[in-house]
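Notes follow once the structure below has been shown.
Since every read-out is calculated from the coordinates, none of them should be taken as a lab result. All of these numbers come straight from a predicted model, not from anything done at the bench. Reconstructed Cβ throughout: ideal geometry from the backbone, glycine too, with neighbour counts over all protein chains shown.
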Amino acid sequence: METVKVIEIAGTVSFSIAGAFAAMEKRLDLFGIFIVAFVAALGGGTLRDVLIGDLPVKWMLDMNYGLIVLLSTIAALLFTRVILNYHKILLLFDSIGLGFFTLVGIQTGITLGFSSITCIGLGTMTACFGGVIRDILLNNIPLIFEKEIYATTCITGGVLFFMLRYLEVYQPYNEIICLLVIVLFRLLAVKYDWQLPSLWNQRNL
Amino acid sequence: METVKVIEIAGTVSFSIAGAFAAMEKRLDLFGIFIVAFVAALGGGTLRDVLIGDLPVKWMLDMNYGLIVLLSTIAALLFTRVILNYHKILLLFDSIGLGFFTLVGIQTGITLGFSSITCIGLGTMTACFGGVIRDILLNNIPLIFEKEIYATTCITGGVLFFMLRYLEVYQPYNEIICLLVIVLFRLLAVKYDWQLPSLWNQRNL
Amino acid sequence: METVKVIEIAGTVSFSIAGAFAAMEKRLDLFGIFIVAFVAALGGGTLRDVLIGDLPVKWMLDMNYGLIVLLSTIAALLFTRVILNYHKILLLFDSIGLGFFTLVGIQTGITLGFSSITCIGLGTMTACFGGVIRDILLNNIPLIFEKEIYATTCITGGVLFFMLRYLEVYQPYNEIICLLVIVLFRLLAVKYDWQLPSLWNQRNL
């Protein structure tokens, strides 16, 4: 439970900042930036909790979630003076959030006694769908389905987690390993433009 | 409870008409217009009820919601002959709906014993997210995050409500004041192109 | 119950294949294709179950749903070599899924004792909103509200179902008739470009 709490906070901070930057790129007003940061950070977990029926969603009862988003948004606003290259910072925070939230989703599934496949699905949903909702709200094409093997990264991390769990690796180590693998995997995927084996080149469709 | 009922009906009528006009502008067919009106009117409240876990959503059990949307849509269709300027009428109904639904969301939160911040959030969600879903369905850029300080208007009205409530103003008066403030605030914001203090001009990003 | 099961599987297969083809047209990667197929097939039913509060959604507890989508996606990938004309195949599968899912939604509503109007609404939602979410994710304009009287087809099928039910037609016959009517109605609507009586031509808006 404690571990879940810590990685949930770290993921919320990362995705709030990534969401705030994405909203700033579209030059939204101050409240717009906060709302997009909120949706980016808490949207994936909210969708997860709605689908498993864990209602009301947690951020309605616990003000700390909103507070973390607010403080992260303010931090993102203050650091914009320093930050010259938005895209790289956005990518880094996005990757860290991706790793944290995949683990949160998996933990939620394990607590509910779901199968490992459903747990990996919940991890992917928690990690990816805040960004999908963010992209839809900002009228961007959702990143997840096109490039940068976004969802694939989460699924890879999730499969690794259950392999290490099967091998009875001490859980905090397992989580740190999976987190690092997800972040590295995503950064390398973007840097070297990794893509899943595509059908289109071979077939000339 | 009675007050909630009345403002809920008035808000549903306003947002149905606003939704029907938005759909007519995109020249949807008759059922398309009805569905967009339905989503615009009941989408925000539906999202609110899903997130607080008040299910099944009310319009499934109570046919009156659908009936109000249907009658409002028919009214919107009949009045199009008279109405020459869509945008101003759309704006007026949208502003009235915005005020009513902010109050409905706040009342829902108070009934559930939520904190005033969560109540203001629920009011903003109830008022704004029907329009967001409407815009997404019509493939428009959601208005809420860009101009016209849409969400800000609801938050301002919500903060005012809890300030007057703290001062123990008689609730129906409080609601009428907040409703008028929200409608006026929004109309003035559009007329004079009010925007939140923007970071972009000062920093030349 | 058994009937519901069979038509649910057939609908899932049809919509998965239609979703996979739509994703292939946008040249998504392999996991992207699977996820869009999943959303297209199970999104409408998921929205229905969320709104009626039947949680956790079924595909989290029953792996067979995900498996059916996976196998359908693989089938869609393998058949692309053979299929030259995407649009017609996509349309056929989409129409069959439309019919099946309308019936699933109606059955769900009947089981819960909802009114016939709510049942028709649930059928239309189950059938149409997977496609709406698919279109939003692929950044397409949702088909439902514009052409091809998509939702109208489901509503027509639903009204027919309750008329035949009122006349005490044997239910499996009723379902087969409604399914065929929906599929034919949609295919003819696309072929002959049927549209609802439009207000725009007469009024020169």
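A few notes on this one:
- For the residues of C:46-53, the average number of beta carbons from a partner chain within 10 Å of their own beta carbon is 5.
- Neighbour-count ranking [beta-carbon atoms within 10 angstrom, fewest first] of A:169, B:190: A:169, B:190
- Taking θ as phi - 60° and the Karplus parameters 6.51, -1.76 and 1.60, the scalar couplings of segment B:56-68 work out to x, 4, 4, 5, 7, 9, 10, 4, 4, 4, x, 5, 4 Hz in sequence order, x denoting glycine and proline.
- Computed E for residue C:74/residue A:74 - FRET, C-beta separation, R0 51 angstrom, nearest 0.05: 0.60
- In this structure the amide hydrogen of residue A:54, modeled in the peptide plane, comes within under 5 Å of no amide hydrogen from residues 5 or more places off or on another chain.
- Applied to segment C:173-189, the Karplus parametrisation 6.51 cos²θ - 1.76 cosθ + 1.60 on θ = phi - 60° returns per-residue 3J(HN,Hα) values of 4, 3, 5, 5, 4, 5, 4, 4, 4, 4, 4, 4, 4, 5, 4, 5, 4 Hz, with x for Gly and Pro.
- Label sites at residue B:88 and residue B:191, each approximated as a point 7 angstrom past Cα along Cα to Cβ, lie 1.1 nm apart.
- Full extension of the chain between residue A:165 and residue A:64 gives 33.3 nm of extra length, using 0.36 nm per residue less the Cα-Cα distance.
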